[in-house]
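Notes for the one structure printed next.
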Amino acid sequence: MLPITDLLKQIKQIATIDTKENVRFANDLIKPVVVWNVNEYCNMSCPHCYASAKVIKKNAQELPTEQAETILKQLYQYGIKVLIFSGGEPLLRKDLFHLIELASNLGFQCHLSTNGVLINEEIAQKLKQLGVFYVGISVDGLKEFNDSYRGLKRAFEKAFLAFYYLKQNQLMTGLRITLSKANKDQLLPLIDYAIQHKIDRFYVSHLLYSGRGKEIQKEDLSPEESKQFMWEIFELADQFIQQNQNIRFVSGGNDVDGALLYLFVKEKYGESRADEIRLLLEKRKGNSAGEKIINIDHLGNVHPDQFWRNYTAGNLLNHTLEEIMNDPLFLKLKEREKYLKECQACPFLMMCRGSHRERALAVYNDLWAIDPACYLKEYINKKPIIGVRK
């Protein structure tokens, strides 16, 4: 996740980056953020679902409560601090509140990733009572498009009712859109809607070729389109800072966004400010699958991140997390710069670190190939930017 607004504020000396919310950004975060898909069923049928969540619960699987509790205790023993409850739709899991309560009591910072349609006033109050820190809700466009695309009538209306109830309970909220050719015209109107509803964070996610997302790979934006949209997002974020708008932009799913943000700052504010953001981006170190983020699926299997389901490093019912984090692939990912091919000659290597390996696998069947969604390929083999390569 790239905290666009926070980085721009940092170089403008408006705020510091190491806030509680941006704990993932801190360089001294030793333990990874965990995304836990607590179930595999959902009340929607989104075409980009990385988990290929089942709409019919009958054929779905999940760990019983006792085994889920065992996993929580494992994470606690390893020292995990940030835990994101996801799915499927996590609110369809009957013991979810029990698991969140246990996690909160153990000291985890708990986040919830949901489609929001089940959140009413009572559930919003319960989430607040349980100490949930942040609730992210996925919305892929305005009402007519969103409801059709995600496969549920009144989904848009219910999601924004959820935002209202969450805000009433002083919970931090975020709206997440997965951008593709299908909904690119929905982006700017949805941003306006989010501002009107005082949503804290607007998350622009690039399409990942995982789960059902692999089936709509051809719907991904072209590299040039992605670059253009992200530049526009940077312009908006910069403009909103000047206007004292509270909404904060973040992006995910393509770590080359960090390099583009560096180029944006360089063009808009000059070399000195660009050097500041370069140092921040190098400290962040780009993609961190298998290092600063890991995924646990609905059966307790551990993957490098939530999009990389084709590789399992172990199962928390059979292995300790310490054993799993020493998996051969995870160890390679810690020094991925040695193995990346074309990216070796890129001046932005340390800002991006090759972005998403699962895309390279999906398109080229090559773990260390260039991410096919990279939109700054023209910089490969160019003269390195001073300070980027050590």
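Residue check: is residue 151 touching a Ser or Thr at 6+ places or on another chain (Cβ under 7 Å), within 22 Å of residue 53 (Cβ to Cβ) and not aromatic (Phe, Trp, Tyr)? Against the criterion (touching a Ser or Thr at 6+ places or on another chain (Cβ under 7 Å), within 22 Å of residue 53 (Cβ to Cβ) and not aromatic (Phe, Trp, Tyr)), residue 151 qualifies. Taking the listed residues 221, 236, the one that is over 17 Å from residue 192 (Cβ atoms) and in contact with a helix residue (DSSP H, G or I) (Cβ under 8 Å, 6 or more places away or on another chain) is 221, with no other qualifying.
The number of residues in region 240-263 that are within 20 Å of residue 184 (Cβ to Cβ) and either open to solvent by 70 Å² or more (accessible area, probe 1.4 Å) or over 22 Å from the mean Cα position of the chain (by Cα) (or both) comes to 0.
Kindly establish whether residue 370 is closer than 30 Å to residue 274 by Cβ, out of contact with any Pro (no Cβ under 9 Å at 6 or more places or on another chain) and open to solvent by 10 Å² or more (accessible area, probe 1.4 Å). For residue 370, the condition - closer than 30 Å to residue 274 by Cβ, out of contact with any Pro (no Cβ under 9 Å at 6 or more places or on another chain) and open to solvent by 10 Å² or more (accessible area, probe 1.4 Å) - is met.
Just one residue in the set 196, 217 is without any contact (Cβ under 8 Å) to a residue 24 or more places away in the chain and within 29 Å of residue 146 (Cα to Cα); that residue is 196. Reported count of residues in region 268-297, each being in a helix (DSSP H, G or I) and of a type outside the set (D, E, K, R), is 7.
Could you list, in sequence order, all residues of region 147-182 that are touching a residue at least 12 places away in the same chain (Cβ under 8 Å), among the basic types (Lys, Arg) and outside any helix (DSSP H, G or I)? If the condition is that a residue be touching a residue at least 12 places away in the same chain (Cβ under 8 Å), among the basic types (Lys, Arg) and outside any helix (DSSP H, G or I), then 154, 176, 181 are the ones that fit. Which of the residues that make up region 211-227 are within 14 Å of residue 178 (Cβ to Cβ) and outside any helix (DSSP H, G or I)? Matches in region 211-227: 220, 221.
Listed here are the residues, each with its yes/no results for (1) among the β-branched types (Val, Ile, Thr); (2) in a helix (DSSP H, G or I); (3) in contact with a Cys (Cβ under 6 Å, 6 or more places away or on another chain); (4) over 28 Å from residue 47 (Cα atoms).
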site: 231; (1), (2), (3), (4): no, yes, no, no
site: 238; (1), (2), (3), (4): no, yes, no, yes
site: 254; (1), (2), (3), (4): no, no, no, no
site: 259; (1), (2), (3), (4): no, yes, yes, yes
site: 266; (1), (2), (3), (4): no, yes, no, yes
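The values are calculated or read from the model by the stated rules, or taken from the named source; none is laboratory data. If you're wondering where the values come from, they're calculated on a predicted model, not measured in any experiment. A quick note on method: Cβ atoms are made from the backbone with ideal geometry, for glycine too, and the neighbour counts reach across all protein chains shown. Accessible surface is based on the protein model in full, side chains and every heavy atom, while ligands, DNA and RNA are left aside. Shrake-Rupley method; radii C 1.70, N 1.55, O 1.52, S 1.80 Å.
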